[in-house]
Amino acid sequence: MSGIRPTGFLHLGNYFGAISNYVKMQEDFDCFFMVADLHSLTTHPDTAALKANVHRVLAENIACGLDPDKVAFYCQSHVHETAELYLYLNMMAYKGELEKTTTFKEKVRLNPENVNAGLLTYPVLMATDIILHRAKYVPVGKDQEQHLEMARTFANRFNHRYGDVFPEPLAFNYNQSLLKVPSLDGEGKMSKSENQMATLYLADSDDMIRKKVMKAKTDSGPTEKNAPKPDYIENIFLLMKLVCPAETVGKFEDDYNNCVIRYGDLKKQLAEDMVNFIAPIRSQVDAILQDEEGLKQIMLKGAEKANTSAGETMKLVREAMGLNYF
Ligand code: AMP
């Protein structure tokens with residue numbers, strides 16, 4: 001089970017940190033993927049663009065290979081039992097532990113005039129989404145590690161207090177470790193809302209991709225053979241590994257180690273491979289977005305599957321909690 005907030009255009013971090021895993025998992029597991037529209041209200045209370053954003057997230061996931069026939073692909077707000085379980089879990093989540101969450105502190109810093117209770121209890125809602133389907137594996141990027149730890153805490157706390165209902169949800173990735181796709185300016189990660197010129201979006205035009213990659217931070221190159229790479233150069237190599245053939249990466253690694261690397265050439269190559277990667281996804285997204293009726297049917301089918309699963313879990317929850325009076 002996993003979700004993506006409809007708060008803007010999806011980017012390479014969403015693709016490699018999340019969606020590429022979804023697409024593989026759909027072959028191996030019973031999967032639930034959702035557009036986390038309720039989560040987006042904690043930071044984006046203006047809903048004028050919500051419908052367009054929800055449609056875009058649906059279309060972008062499908063263009064990346066997610067198959068709504070193989071998985072439950074739904075909108076969070078279409079599963080009303082989410083609100084019920086969230087209520088119960090909120091009574092088992094403590095103010096102190098919520099206030100310590102890194103993302104909460106970060107959001108308070110970025111948006112001091114909108115520190116709402118939903119923001120504080122974001123990890124509770126995320127735990128709800130996961131355990132509502134009694135999910136075991138959660139494909140997320142490295143930035144979600146702490147939230148997942150909290151989901152385990154809440155699931156265990158419920159089990160301890162009311163009896164075993166939930167399995168412990170674990171972060172899942174087909175690679176060895178969770179991935180953080182870095183931004184092009186060497187500062188932090190690619191993100192939907194911050195540093196947009198240093199983030200590659202699946203909707204970027206070919207020219208925009210080239211422009212962003214060519215502006216990526218580099219320097220005049222190493223002066224000693226086999227020198228360690230500074231972080232911002234390491235980041236560019238990481239991006240190359242994601243989209244360039246292994247021989248291309250190997251050639252530039254050798255050039256770096258022999259102090260003959262030309263970053264202009266490297267960035268041109270990276271830009272072209274990035275364009276080849278993103279352009280087909282972009283044009284497919286445009287086609288899917290044209291078909292509003294198709295998107296509606298996808299949402300309805302997804303909601304039906306998610307509601308069936310949520311209904312089964314909530315029967316167990318109410319019974320375990322003693323909320324069954326006849
Ligand atoms: P969000 O964009 O915050 O809704 O996140 C949706 C999913 O994308 C989550 O699983 C995140 O862990 C993942 N994600 C977002 N940004 C990155 C990034 N720069 N690198 C890797 N994964 C990311």
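The values are calculated or read from the model by the stated rules, or taken from the named source; none is laboratory data. Every value quoted in this text rests on a predicted model; they were computed, and no experiment measured them. Methodologically, a virtual Cβ is constructed for each residue, glycine included, from the backbone with ideal geometry; neighbour enumeration extends over all protein chains shown. In case anyone asks, the SASA skips ligands and DNA or RNA and just uses the protein heavy atoms, side chains included. Shrake-Rupley method; radii C 1.70, N 1.55, O 1.52, S 1.80 Å.
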* Given (1) in a helix (DSSP H, G or I); (2) modelled with pLDDT of 95 or more; (3) under 17 Å from the mean Cα position of the chain (by Cα), number of the condition Lys51 does not satisfy -> (3)
* Since Tyr174 meets every condition but one in (1) surrounded by 16 or more Cβ atoms within 10 Å (Cβ to Cβ); (2) assigned to a loop (DSSP other than H, G, I, E, B); (3) more than 10 Å from the ligand (Cβ to nearest atom); (4) touching a residue at least 60 places away in the same chain (Cβ under 8 Å), which condition does it not meet? -> (1)
* To do: Determine if the stretch 196-204 includes at least one residue that is of a type in the set (S, T, N, Q), within 16 Å of the ligand (Cβ to nearest atom), assigned to a loop (DSSP other than H, G, I, E, B) and modelled with pLDDT of 95 or more.
  => yes
* Restricting the stretch 215-250 to residues that are closer than 12 Å to Lys267 by Cβ and among the β-branched types (Val, Ile, Thr), the residue that is most open to solvent (accessible area, probe 1.4 Å) -> Thr218
* Test each condition in (1) crowded, with 16+ Cβ neighbours inside 10 Å; (2) within 16 Å of the chain's Cα centre (by Cα); (3) of a type outside the set (A, V, I, L, M) for His133 and report the one that comes out false. => (2)
* To do: From Leu85, Leu41, Leu119, grab the single residue that is buried (at least 21 other Cβ atoms within 10 Å of the Cβ) and either β-branched (Val, Ile, Thr) or more than 30 Å from Phe277 (Cβ to Cβ) (or both).
  => Leu85
* To do: Could you check, for the stretch 27-38, whether at least one of its residues is part of a helix (DSSP H, G or I), at negative phi and surrounded by 21 or more Cβ atoms within 10 Å (Cβ to Cβ)?
  => yes
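Does Phe73 satisfy the criteria of being within 16 Å of the ligand (Cβ to nearest atom), open to solvent by less than 10 Å² (accessible area, probe 1.4 Å), in contact with a strand residue (DSSP E or B) (Cβ under 6 Å, 6 or more places away or on another chain) and outside any helix (DSSP H, G or I)?
Here the answer is yes, as Phe73 does meet what is asked.
Would you check which residues across the stretch 2-44 are among the charged types (D, E, K, R) and in contact with a His (Cβ under 7 Å, 6 or more places away or on another chain) and list them?
Residue satisfying the conditions is Arg5 alone.
Quick one: is Asp67 more than 12 Å from the ligand (Cβ to nearest atom), touching a residue at least 24 places away in the same chain (Cβ under 8 Å) and within 30 Å of Met240 (Cβ to Cβ)?
yes
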* Could you grab me the full set of residues in the stretch 98-116 that are without any contact (Cβ under 8 Å) to a residue 60 or more places away in the chain and open to solvent by less than 50 Å² (accessible area, probe 1.4 Å)? => Leu98, Thr101, Thr103, Phe104, Val108
* Among the candidates Lys241, Lys211, Lys267, Lys217, single out the residue that is outside the structural domain of Asn21 (by TED's automatic domain parsing) and modelled with pLDDT under 95. => Lys217
* Search the stretch 12-25 for residues being in contact with a Leu (Cβ under 7 Å, 6 or more places away or on another chain) and either in a loop (DSSP other than H, G, I, E, B) or open to solvent by 10 Å² or more (accessible area, probe 1.4 Å) (or both), and hand back the single one that is farthest from the ligand (Cβ to nearest atom). => Val23
